[in-house]
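The values are calculated or read from the model by the stated rules, or taken from the named source; none is laboratory data. Small disclaimer: the values here were computed from a predicted structure and weren't measured. Glycine also receives a Cβ, built like all others from the backbone with ideal geometry; neighbour counts cover every protein chain displayed. What goes into the accessible areas is simple: the full protein's heavy atoms, side chains included, and nothing from ligands, DNA or RNA. Shrake-Rupley method; radii C 1.70, N 1.55, O 1.52, S 1.80 Å.
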Amino acid sequence: MKTHGLHAYIFPSTDPHSGEYTPEHWKARQWISGFDGSAGTAVVTLTDAALWTDSRYFLAAEEQLRDTPFQLLKQGLKGTPNIAEWLATQAHLWEEIDDINIGADLEDEYSDLSELDHPHGKTQKAWGGATCHYNYRVGLDAWCNTIASTKTLESELMVHGMHLHTDLSPFDKEKGTRKRPLWTDRPALPLSPIEIQPLTLAGEAAHNKIERVREALRQQHCDATIVSLLDEVAWLFNLRGTDVHCTPLFVSYALVTREKAMLFINKKKLTPDVKSYLKKEEIDVCSYDAIAEAIVKISEEAETPYCFLLDPSATNARLKNILDEANMNYLLAPSVIAPMKSVKNEAEIAGFRSAMLKDGVAMVKFLRWLRPAVEAAARGEGAPVTEMSADRKLTELRAEQPLFRDLSFDTIAGYGAHGAIVHYEATPDTDIVLEPHGLLLLDSGAQYQDGTTDITRTIALGPLTDEERHDYTLVLRCHIRLAMSKFPSGSSGTQLDVCARYAMWQEGINFLHGTGHGVGSYLNVHEGPHQIRMNYMPAPLQEGMTVTIEPGIYRSGKHGVRTENTMLITHFIEGEYGPFLQFEPLTLCPIDTTPIILSEMQSDEIDYLNRYHQRVYDLLSPLLDEEECEWLQIATRPVQQS
C-alpha cells in the first residue's frame, strides 16, 4: 500500500461477474481476513483493519476474527458506520506516516485537486467529527466491483475527503516486474468442462437468441454489448458448467456485436463436442483474459464509431475504464438479455413442470420420514435428527431423482428460534436437535437439468403455541391472497406486493425481505429483473415468467414461519383494457395443515388450499408407492371450517 501511495484498501466479497456465489479464485476477502462467511467486506488501512458482515455471521465472525488485526463491524445495527465513515475516523492516524511513496504521477494528481474538487474544500469535517484532507487514497480492484457500486463508493468517500483508486489488484503479478503477488497460494480458476444444454430443454437455438440481442441493441442505438453475468452467458449460448457453487455456470464473458458473437473462456474447458457446437452456432472462442484487448480491437477496426451497452449493476468497473481509456462510446443501461431470459419458452416451462414433479416426490418422501424420525429419536429409539442431518436427508432424496445435478442454494433449516433468522445457515457450532414440538422452517431447492426449484415449508413437529399457530395461519393466508390475485399484464411486482402483506399489516406485522423473485431455467435460483417486493421494482410481470411467493413472520428468539411456492405467470382473460394474468403453482408439495386455525381463514382461501392439494395429489401419486400415496392422501385431504 505504501509503495502505491494508498492509505487503505477494500476487499469485497464479489468477483468480476457479480455472481451470488464467488468462486474460490476471487475470495480475497476470506484470504486477507480469515472470515469465510458468504457476505462481508474487509478493509485494511496503514494502521488498522475492519470487517463488515450481517447478522447471520456475527457469532462466526467474532470467533474467526479473534486474535487478528480485524475489528468486527456489525451491519444493520444502529451506530455501525459504513466504510467511508469508518475510514474517516482512522484518517488522523495516517498523518504520522511519512514513508508513503507519492511518485511524480501521484504528485501531479494531487496538484490538480483544487477547492472546486470537493464541495467542502480540501479539508472537511468527517463522520464522528474527524477532520479529513482530500489527499487520502483508497484502493479497490475495479475488476471485482460493478460500475454502479464503484460510483456509489467513490461518492461516499468523496464526502469524507478521500479519493478512490481502482487500478490496483494486490493479487495479480505486476507487469514488467519480478514481484510475486501477495496471495501466493491463490486457487486457480476452475478447469471443469462445460456442456451443451440440449435444444429440447433450452427451447431456442443460440444463434436465434444472438439475433434477438442484436435487434434489442439496435433499438437502443447500440452496436455491441459486453455480457459479464455468468447466467446470461450460459443462457445466451445454451451452455452449462460447474464452476460456481449451487449454480450450473462457468467463468466467462460474452461479447455480441453487429457482426460477431464471442465467448471468452479458458479453452481447456471446451470438449470436442462443445467446440463443434460453437462453430456451428457461429460463436468465436477467445481466451478468458483477452476480453479487454478484444473490446479495444473491435472499436479500432470498426468503420463507424461503436457504442457499447453496459449494465452498470452487472458490468465490472474495469471494463468501463477500458472504454474510457480508449475514448469509446457506451450507454449505461439495463441488460437486454435479462428480460429475454426471464420469459420462459414452451420447452423451459415443460422442463420446470418435470423438475417440480421430481422435487415433489423427494419432498413427500422427506416429509413422510421427518416427524416419525424426530419422535422416535425423542423416545431414544433412533439417532437424533438435527438441522444439518435433516438437510442431508433431503439432499439424499433429491439426488435419487433423474437429472439431479446439485442443490440450487444452501438449505435453510431453522428449528425454533433459528427459524426467525431469515437466512440462517446451520453450522456444526449452531446445529441443534429437532424435538417433537415447535416449528421447523425448511427453505430448499435443487438444480435438475430440466429446471430449478425453490420451496419453503414450515413444518409442525408436534404441539404448538397459540402464537405459532396464529402466525402460521396468517402467513398461509398472505401467501394464498397473492397466489389468487389477477392483474393486468405489465403490472410491476411492487404493485402486487401488498396482496401478500395486507392481512399482516392489519395486525402491525411485516417482513423485510422480498416477497418473490424469478427462478432460472437450470440457472440461478434468484433471477431478475422482476421481483415482488415493497420497494419499487419497475420490471413488468409478463406471461411466461416464473416467480416465487414467500411471505413470512419472524419472532426473534421464538420461531419463524415462511411458505413459498414457485409460480408460473399465465394468461387469465382478455379484459376491456388488455390482457390479465394470474399465477399457476409449479411447486408440488403438501402444505402442513395441522397448525392452521381454520376459523381465521376466509372461505375462498380454504377453497384455494384444497384445490392446490388436490392438484398435488393428482400429479404426484402416480409416482409414489402405495404407502407414500396413503401418506400423501392424508396430507392433502380437504380441510373445512367447523
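Rolling a 1.4 Å probe across the protein heavy atoms gives region 38-92 an accessible surface of 47 Å² per residue.
Count Lys and Arg as plus one, Asp and Glu as minus one, and take only other residues whose Cβ is under 15 Å from that of residue 592; the net charge is then +3. On the chain, 52 percent of the accessible area sits on carbon and sulfur atoms, based on a 1.4 Å probe. Pairs with C-alpha atoms separated by more than 26 Å, drawn from the list 151/269; 27/209; 358/393; 275/297; 27/558, are 151/269; 27/209; 27/558. For residue 572, the residues 5 or more places off, or on other chains, whose built amide H falls under 5 Å of its own are 580, 581, 582. Judged by the mean number of other Cβ atoms found within 10 Å, the most tightly packed of the peptides 84-93, 295-304, 214-223, 317-326 leads the ranking 84-93, 317-326, 214-223, 295-304. The modelled label-to-label distance for the pair residue 556/residue 331, using points 7 Å beyond Cα in the direction of Cβ, is 4.7 nm.
Based on Cα contacts under 8 Å between residues 6+ apart, region 316-399 shows a relative contact order of 25 percent. Annotation: amide H of residue 11 within the under-5 Å range of 42, 43, 44, sequence separation 5 or more or interchain, hydrogens built in the peptide plane. Helix content alone sets the calculated 222 nm mean residue ellipticity of the chain: runs of n ≥ 4 DSSP H residues at -39500 (n - 2.57) each, divided across all residues, give -10000 deg cm²/dmol. Computed from backbone phi, the HN-Hα couplings of region 245-261 come to 4, 6, 9, x, 10, 9, 5, 5, 10, 10, 9, 10, 10, 4, 10, 10, 10 Hz, rounded to whole numbers (Karplus: 6.51 cos²θ - 1.76 cosθ + 1.60, θ = phi - 60°; Gly and Pro given as x).
Working from Cα pairs under 8 Å separated by at least six residues, relative contact order for the chain is 10 percent. Amide H to amide H distances under 5 Å link residue 145 with 317, 318, where only residues 5 or more positions off or on other chains count and H is placed in the peptide plane. In the full protein context, region 295-437 carries 44 Å² of accessible surface per residue, based on a 1.4 Å probe and ignoring ligands, DNA and RNA. Residue-wise HN-Hα couplings along region 568-583, as the Karplus relation 6.51 cos²θ - 1.76 cosθ + 1.60 with θ = phi - 60° gives them from phi, are 10, 7, 10, 6, 9, 8, 9, x, 4, 10, x, x, 10, 10, 8, 9 Hz; Gly and Pro carry x.
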